[in-house]
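Just below is one structure, and these are the notes that go with it.
The values are calculated or read from the model by the stated rules, or taken from the named source; none is laboratory data. Fair warning: this is a prediction, and the values are worked out from it, not measured in the lab. Cβ coordinates were reconstructed from backbone atoms using ideal geometry, including for glycine residues, and neighbour counts include every protein chain displayed. With ligands, DNA and RNA removed, areas are computed over all heavy atoms of the protein, side chains included. Shrake-Rupley method; radii C 1.70, N 1.55, O 1.52, S 1.80 Å.
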Amino acid sequence: MHFGSGKNNKLAYYLRAAGREWLPVGWCRRRLPRVLASVEGRADENYIRQRVDYYCRLENVTPLPETALRLGEFSRDMGPSVYYYDTRQYTRWFDPSLRCGYCFGDVTWVPDSPSIVKSRPIAGDTANAVLLNLDKVRHFTFLNDTIPFRKKRPQAIFRGHIGNKPHRVRFMEQYYGSAVCDCGIIPSGNDFPQEWLRPKISLWDHLQYQFILALEGNDVASNLKWVMSSNSLAVMPRPRYETWFMEGTLRPDYHYVEIREDYADLPEKVAYYSAHPEEAEAIVRHAHDYVAQFRDARRERLVSLLVLDKYFRMTGQTNR
């Protein structure tokens, strides 16, 4: 359910989350073995197992430190409530005596011990950073865009916060006032040129443009999911961080339009795809196909439970 802005309805999210807290956890725990076993023999079993291994890359048993919390000790004061609720949605299926490490927030490093995270670096050894779909009310928004690519304005758009994000500041310095990109920043307490400030606009307003910048913030670009569900093209440098969306598997100029780290080729890419709409529309189709894999709620639940099941096995706590 979306607000008029296009964003997910947070009230509906919290009502559902609170409702789950009232459900008997015993019902979930009794069903867990049967739900986990349901993956066997499915037509998409190999796909599901590949995703589980992508999110949880632990290959050797790695015990947790004694400081790791037991699931039964998880509480709302651990961090932002959305992280608690999104973690609790799946941990409540497991024995409360099991231990779990976690790092909530925008994680751009790899924890010292196996931990549940929302985001992690794409490059390097990331085995200790085990992904779950956290803060999904903000990050996992998909839109139903009814405007064909060819009917949109042949221009790029960027709106966002740039405080403490030097790469976004550089983009604004480079393209503010340029005909190639409608640039603006969301008002904040930072000391930036006043002419850069623009009022907030809805996600739907972005869809008037053929190209939407998806620049990483503290970790990933939070708008990437809904942009790839639209009929506009996501435009960005190759991502450095990833979430449940598996940004590390995205193919440049197939799922999105890749630009250089210094943004210098943005005008060239905008001009090319505006002049070759059939190629742009192919990227839109590929992006839609990619997004579709996350729309099956029951399968997403199964993948999440299997990730946690593997996590508990690879930290030496179960042998299921």
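Once you have a ≥ b ≥ c as the square roots of the Cα gyration tensor eigenvalues for segment 166-206, tell me rounded if a/c is under 1.5, and otherwise prolate or oblate according to whether a/b is larger than b/c.
It comes out oblate by the Cα gyration axes.
What FRET efficiency do you get for A37 and H167 if R0 is 35 Å and r is their Cβ-Cβ distance, rounded to the nearest 0.05?
Step by step, r from the Cβ atoms, then E = 0.15.
Starting from the Cα-Cα distance between S178 and R76, subtract it from 0.36 nm times their residue separation and give me the gain in nm to one decimal.
32.1 nm
Compute the long axis of helix 266-275 from its Cα atoms, compare it with the longest principal axis of the Cα atoms of the chain, and write down the angle in degrees, 0 to 90, nearest 10.
Helix 266-275 and the main axis of the chain meet at about 80 degrees.
What is the extension gain from E278 to D44, computed as 0.36 nm multiplied by their sequence separation minus the C-alpha to C-alpha distance, in nm to one decimal?
This chain segment gains 81.1 nm when fully extended.
With a probe of 1.4 Å, find how much accessible area segment 180-320 has per residue, and write the answer as a whole number in Å².
40
Running a GNM on the chain with Cα contacts under 10 Å, which residue among S304, S230, S113 ends up with the highest mean-square fluctuation?
For the chain, modelled as a Gaussian network with Cα springs under 10 Å, the answer is S113.
List every residue whose amide H lies under 5 Å from the amide H of L233, counting only residues 5 or more places away in sequence or on a different chain, with H placed 1.01 Å from N in the peptide plane.
HN-HN under 5 Å from L233: F211, I212.
Could you give P(r) for segment 115-201, binned at 5 Å from zero, as whole percent values over all Cα-Cα pairs?
Result, from short to long distances: 3, 10, 15, 15, 14, 17, 15, 8, 3, 0 percent.
Projecting each Cα onto the charge dipole of the chain (Lys/Arg +1, Asp/Glu -1 at the beta carbon, about the Cα centre), which of T141, H161, A43 comes out farthest on the positive side?
Most positive-ward Cα: A43.
Per-residue HN-Hα couplings for segment 218-224, Karplus 6.51 cos²θ - 1.76 cosθ + 1.60 at θ = phi - 60°, whole Hz, x for Gly and Pro?
So the J values, rounded to whole Hz, are 5, 9, 7, 7, 5, 8, 4.
Restricting to DSSP H runs of at least four residues, report the calculated mean residue ellipticity at 222 nm for the chain, -39500 (n - 2.57) per run over all residues, nearest 500 deg cm²/dmol. The partial results should precede the final answer.
On the way: 11 runs with 115 residues, N = 320.
That calculation yields -10500 deg cm²/dmol at 222 nm.
Of the labelled options (1) 64, 53, 39; (2) 61, 58, 40; (3) 59, 46, 38, which one gives Cα extents along the principal axes in Å as computed for this structure?
The value matching this structure is (3).
When the chain is treated as a GNM, springs tying every alpha-carbon pair under 10 Å, which of D125, D77, D262 comes out with the largest mean-square fluctuation?
D77
Can you give me the three principal axis dimensions of segment 23-172 from its C-alpha atoms, in Å, biggest first?
Sorted from largest, the Cα extents of segment 23-172 read 54, 39, 33 Å.
Going by amide H atoms built from the backbone, whose H comes under 5 Å of the H on D182, apart from near neighbours?
Those lying under 5 Å, H to H, from D182 are A156, I157, F158.
With a 10 Å cut-off between alpha carbons and a GNM built on the chain, which of P166, P148, P111 moves the most?
Top of the fluctuation ranking is P166.
Could I have the simple spin-label model distance between E268 and R20, label points 7 Å from Cα toward Cβ, reported in nm to one decimal?
With each label point 7 Å from Cα toward Cβ, the separation is 4.6 nm.
Stretch S5-M246 to full length: gain in nm at 0.36 nm per residue minus the Cα-Cα span? Could the numbers behind the result be given before it?
Working: separation 241, 0.36 × 241 = 86.76 nm, distance 2.56 nm.
Using 0.36 nm per residue and subtracting the Cα-Cα distance, I get 84.2 nm.
State which entries of K118/K269; K10/K310; K151/K269; K165/K200 exceed 22 angstrom in Cα-Cα distance in the structure shown.
As for pairs spanning more than 22 Å Cα to Cα, those are K118/K269; K10/K310.
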